[in-house]
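First up is the structure itself, then whatever we jot down about it.
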Amino acid sequence: MILPLLGLVALAAAGVAVLVASPGSQTQAGGAGSTSPTPTTPITPPTPPTEIEALARCLASEDADPTILVAIAWLCIQVARRRKTSMLALLTSGLGWGPQKVWVNGKSVIRFASTDKPPTDLTMLLAAAVLGGAVEPSSKFRAAAPTSFVEKTGASRRIGPDGRPLQPETKDDRLIALQEEFGGLVGRIGRWYFYRLRAPTQASIGALPILD
């Protein structure tokens, strides 16, 4: 990373997030729940969001580990650039904030990532830093150039209108099977697994390189 990540964490803890805490002032740079059915329709932001806010919401919705957050932020930025689209469009598909899987007119839509949770001071700082090029993931992660990410986790306790969890349980077999959709597995960081389009598929996850 170009700037020490722990320094950013310390700044957030000290309240320096005022530097990026006002989304409307930024220049654009580029879950657990109830077991009963919960609203899963996207929420329209009350004011026009920025690229930083969109990415910060994604980070807040995915994890709390700064190393993971920087990796996911960098991946999202690269994908948006390759697709020649904005961060907001990549993450929301024009449907507003919400979980990755939402229902529109009775049909499910799976977006690139979740933007369900509001941004925190830390995720605003990290989103701004990665978008601005001040922070980046490890050289191993950048060389792997992943284009998708999946968390190895149990099924979400949030239930959609179809009676199914918003996120299905993801174990080794599903991680392997998802290569048909996302391309080959190229590595992992903790419980997060990373894929790259057109990369060779892997028969198991046991020997994947660690990209932190």
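Laboratory data are not the source of any read-out in this text; all were calculated from the coordinates shown. Note that the structure is predicted; figures quoted are calculated from it, not measured. Every residue, glycine as well, gets a Cβ built from its backbone with ideal geometry; the counts of neighbours run over all protein chains shown.
Say whether the condition of being small (G, A, S) and loosely packed, with under 15 Cβ neighbours inside 10 Å is met by at least one residue in the stretch 67-85. Steps first, answer last, please.
Applying the first criterion (small (G, A, S)) to the stretch 67-85 yields 71, 73, 80.
Imposing the further condition that a residue be loosely packed, with under 15 Cβ neighbours inside 10 Å reduces the set to none.
No, that holds for no residue.
Could you check the stretch 117-149 and list, in sequence order, the residues that are out of contact with any Asp or Glu (no Cβ under 9 Å at 6 or more places or on another chain) and under 23 Å from L178 (Cα atoms)?
Those that are out of contact with any Asp or Glu (no Cβ under 9 Å at 6 or more places or on another chain) and under 23 Å from L178 (Cα atoms): A143, A144, A145, P146, T147.
Which pairs turn up if I take residues in the stretch 60-72 that are over 16 Å from F194 (Cα atoms) and look for partners that are among the charged types (D, E, K, R) with beta carbon separation below 9 Å, at least 6 apart in sequence or on another chain?
That search, which allows pairs on different chains as well, returns A60/D116; A60/K117; S61/D116; S61/K117.
Please work out which residue is surrounded by the most Cβ atoms within 10 Å (Cβ to Cβ), limiting yourself to the stretch 86-109 and to residues that are of a type in the set (S, T, Y) and under 27 Å from P165 (Cβ atoms). Before the answer, list the steps.
Restricting attention to the stretch 86-109, the residues satisfying the condition of being of a type in the set (S, T, Y) are 86, 92-93, 108.
From what's left, under 27 Å from P165 (Cβ atoms): 92-93, 108.
Values: T92: 25, S93: 16, S108: 14.
Of everything passing the filter in the stretch 86-109, T92 is surrounded by the most Cβ atoms within 10 Å (Cβ to Cβ).
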